[in-house]
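Trainee: What follows is a structure written as structure tokens; I'll ask about it next.
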Amino acid sequence: MSPEIEHLISLQTTDREIQRLRAEIAELPKRVTKIEQKLAGTMAAREQARAALKADEAARKKYESSIADLRAKISKYRDQSLDVKTNEQYKALMHEIQFAEQNISANEDKIIELMVKAESRENEVKAAEAELKAETAEIEKEKNIAREQTAKDEKELGEWTAKRDAARAAVDPDVLRHYDRVLKFRGSGLAEVRDHKCTGCSVVLRPQTYNDVRSGQMIYCDSCQRILYFDPSKEAPAETKVEKPARRRAHPKIDASQAWYYRPEYGGEGEVFLSFANSEGASTRRIYDAATGRKLGNTLVREGGYRQAFPEDIQEAIRLNGNWNDAEQDEWGDELPSSVLDVLQRDLDLARAEMAAHHAKEAVPSSVAS
């Protein structure tokens, strides 16, 4: 691994840690706000309980004042009854006295009801005050933890920022600009290569690109533009394998209405897969990049079967297995599904191995073969 790649890996590590710390620091004030909102809710509940108790006390005083007024009226009516001249006047005063006594009884009932409720109200206030006290202590503790975490993160952020500056200083400015641009849009500017794939976008690399990355060259992914690197320490150790009988490959039918081919070079596009399909006196052709599965150009339609309509495309091409029809391929849009791409690449490996075995057999002299 080249020193510059090592500096880039160090830079990406610092960038990720700085991003994590900044996100955590930005989140802590929100956490404190939530804590304070919780405390405000508990305080509101306490004030509501106090207000209810205060309202009941005011109502009780109102009823007591009304009872005093009614008793004063009764005393007045009794004094007047001593001076009345007729039965009608006496009956009227007795009626007023009776009505006042009924109101006194009703107000006394309401006072008793409030006195019973007062005990419950007082318990609610005490419970709310106790909860507020406990919660205040807990919240202060949480706020202190949040402040301590913020101070710790800010200290670490300063340390990581210094490491980041040192790593950036060791990278070529042009490479650094490319890294920053990809980091902005992709979230990372560097991607490890594993199993012949870019781990950033999962696109399979061309064999030459893969070899260049392994050799330590500065290579950008054709698909996501991330800077690629290979870590030899993660490569599985070579194992001595027992030779197994070669897997027999299924051969596609020569007269099938759908056909897939592989071309190692096609019109300057490099390795491609070609898809053909016959339907109602015409045939279609689609071209896909063999490494990424991306569709190249538009679907082409010509009259006649594909062998007659596109003879130049199938010359020096390797026939592959595949029976996906036009409707399925239309649903794929501009890129082969990864499952389809894997099937085609596995079949291509088998076809190449079959061809290599066939050529090796033909190269053996007849005397040796006998």
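Trainee: Looking only at the range 76-83, decide whether some residue is in a helix (DSSP H, G or I) and under 30 Å from ASN144 (Cβ atoms).
Mentor: So in the range 76-83, the residues in a helix (DSSP H, G or I) come out as 76-81.
Now narrow it down to the ones that are under 30 Å from ASN144 (Cβ atoms): none.
No, the conditions are met nowhere in the range 76-83.
Trainee: When you scan the range 310-360, how many residues do you find that are polar (S, T, N, Q), surrounded by fewer than 14 Cβ atoms within 10 Å (Cβ to Cβ) and under 19 Å from ARG263 (Cβ atoms)? Walk me through how you get there before you give the answer.
Mentor: Of the residues in the range 310-360, the ones polar (S, T, N, Q) are 315, 321, 323, 325, 329, 338-339, 345.
Next cut, surrounded by fewer than 14 Cβ atoms within 10 Å (Cβ to Cβ) only: 315, 323, 325, 338-339.
If we keep only those that are under 19 Å from ARG263 (Cβ atoms) too, we end up with 315.
So the count comes out to 1.
Trainee: Pick from the range 250-301 the residues that are of a type in the set (D, E, K, R) and more than 39 Å from the chain's Cα centre (by Cα): which of them is nearest to LEU336 (Cα to Cα)?
Mentor: Let us first name the residues in the range 250-301 that are of a type in the set (D, E, K, R), namely 253, 255, 263, 265, 269, 271, 280, 285-286, 289, 294-295.
Subsequent filtering for residues that are more than 39 Å from the chain's Cα centre (by Cα) retains 253, 255, 263, 265, 280.
Numbers: LYS253: 22, ASP255: 24, ARG263: 17, GLU265: 19, GLU280: 25 Å.
Restricting to residues being of a type in the set (D, E, K, R) and more than 39 Å from the chain's Cα centre (by Cα), the top hit is ARG263.
Trainee: Anything in the range 97-130 that is closer than 21 Å to GLU36 by Cα and loosely packed, with under 14 Cβ neighbours inside 10 Å? List them, or say none. Spell out how you get there, then give the answer.
Mentor: Restricting attention to the range 97-130, the residues satisfying the condition of being closer than 21 Å to GLU36 by Cα are 125, 127-130.
The answer is ALA127, ALA130.
Trainee: Same structure, new question: What do you reckon, is LEU53 assigned to a helix (DSSP H, G or I) and either out of contact with any Lys or Arg (no Cβ under 8 Å at 6 or more places or on another chain) or polar (S, T, N, Q) (or both)? Full working, then the answer.
Mentor: Details: assigned to a helix (DSSP H, G or I): yes; either out of contact with any Lys or Arg (no Cβ under 8 Å at 6 or more places or on another chain) or polar (S, T, N, Q) (or both): no.
So LEU53 does not fit the description; no.
Trainee: Right, another one. Restricting to the range 267-285, give me the number of residues that are modelled with pLDDT of 90 or more and either hydrophobic (A, V, I, L, M, F, W, C) or more than 21 Å from GLU303 (Cα to Cα) (or both).
Mentor: The number of residues fulfilling the criteria is 7.
Trainee: Can you name the residue in the range 168-204 that is out of contact with any Gly (no Cβ under 9 Å at 6 or more places or on another chain) and part of a strand (DSSP E or B) and, of all such residues, is surrounded by the most Cβ atoms within 10 Å (Cβ to Cβ)?
Mentor: CYS198
Trainee: Return the pair list, or none, for Cβ contacts closer than 7 Å from residues in the range 45-63 that are within 24 Å of GLN102 (Cβ to Cβ) to residues that are modelled with pLDDT of 85 or more and not acidic (Asp, Glu), at least 6 apart or on different chains.
Mentor: The qualifying pairs are ASP56/LEU114; ALA59/LEU114; ARG60/ILE111; ARG60/LEU114; TYR63/ASN107; TYR63/LYS110; TYR63/ILE111.
Trainee: Confirm whether ALA58 is over 30 Å from VAL182 (Cα atoms) and modelled with pLDDT of 90 or more. Lay out the reasoning, then the answer.
Mentor: On the way: over 30 Å from VAL182 (Cα atoms): yes; modelled with pLDDT of 90 or more: yes.
Yes; evaluated as a whole, the condition is true for this residue.
Trainee: Next question. Considering the range 173-229 alone, what residues qualify as being among the β-branched types (Val, Ile, Thr) and closer than 26 Å to ILE18 by Cα?
Mentor: Within the range 173-229, the subset among the β-branched types (Val, Ile, Thr) is 175, 182, 193, 199, 203-204, 209, 213, 219, 227.
Residues satisfying the conditions are VAL175, VAL182, VAL193, THR199, ILE219, ILE227.
Trainee: Please verify whether LEU28 is among the aliphatic types (A, V, I, L, M) and touching a residue at least 40 places away in the same chain (Cβ under 8 Å), treating the condition exactly as stated. Spell out the reasoning first.
Mentor: On the way: among the aliphatic types (A, V, I, L, M): yes; touching a residue at least 40 places away in the same chain (Cβ under 8 Å): yes.
Yes: the conditions hold for LEU28.
Trainee: Then there is this: Looking at ASP180, ASP195, ASP231, ASP165, can you tell me which residue is among the acidic types (Asp, Glu) and either in contact with a Cys (Cβ under 7 Å, 6 or more places away or on another chain) or closer than 15 Å to ILE5 by Cβ (or both)? Full working, then the answer.
Mentor: Numbers: ASP180 fails: either in contact with a Cys (Cβ under 7 Å, 6 or more places away or on another chain) or closer than 15 Å to ILE5 by Cβ (or both); ASP195 fails: either in contact with a Cys (Cβ under 7 Å, 6 or more places away or on another chain) or closer than 15 Å to ILE5 by Cβ (or both); ASP165 fails: either in contact with a Cys (Cβ under 7 Å, 6 or more places away or on another chain) or closer than 15 Å to ILE5 by Cβ (or both).
Residue meeting the stated conditions: ASP231.
Trainee: Given the conditions (1) at pLDDT below 90; (2) out of contact with any helix residue (DSSP H, G or I) (no Cβ under 9 Å at 6 or more places or on another chain), report the number of the one that ALA167 does not fulfil.
Mentor: (2)
The values are calculated or read from the model by the stated rules, or taken from the named source; none is laboratory data. Remember, it's a predicted structure, so these values are computed and weren't measured experimentally. Quick reminder, even Gly has a Cβ in these numbers, built from the backbone with ideal geometry, and neighbours come from all protein chains shown.
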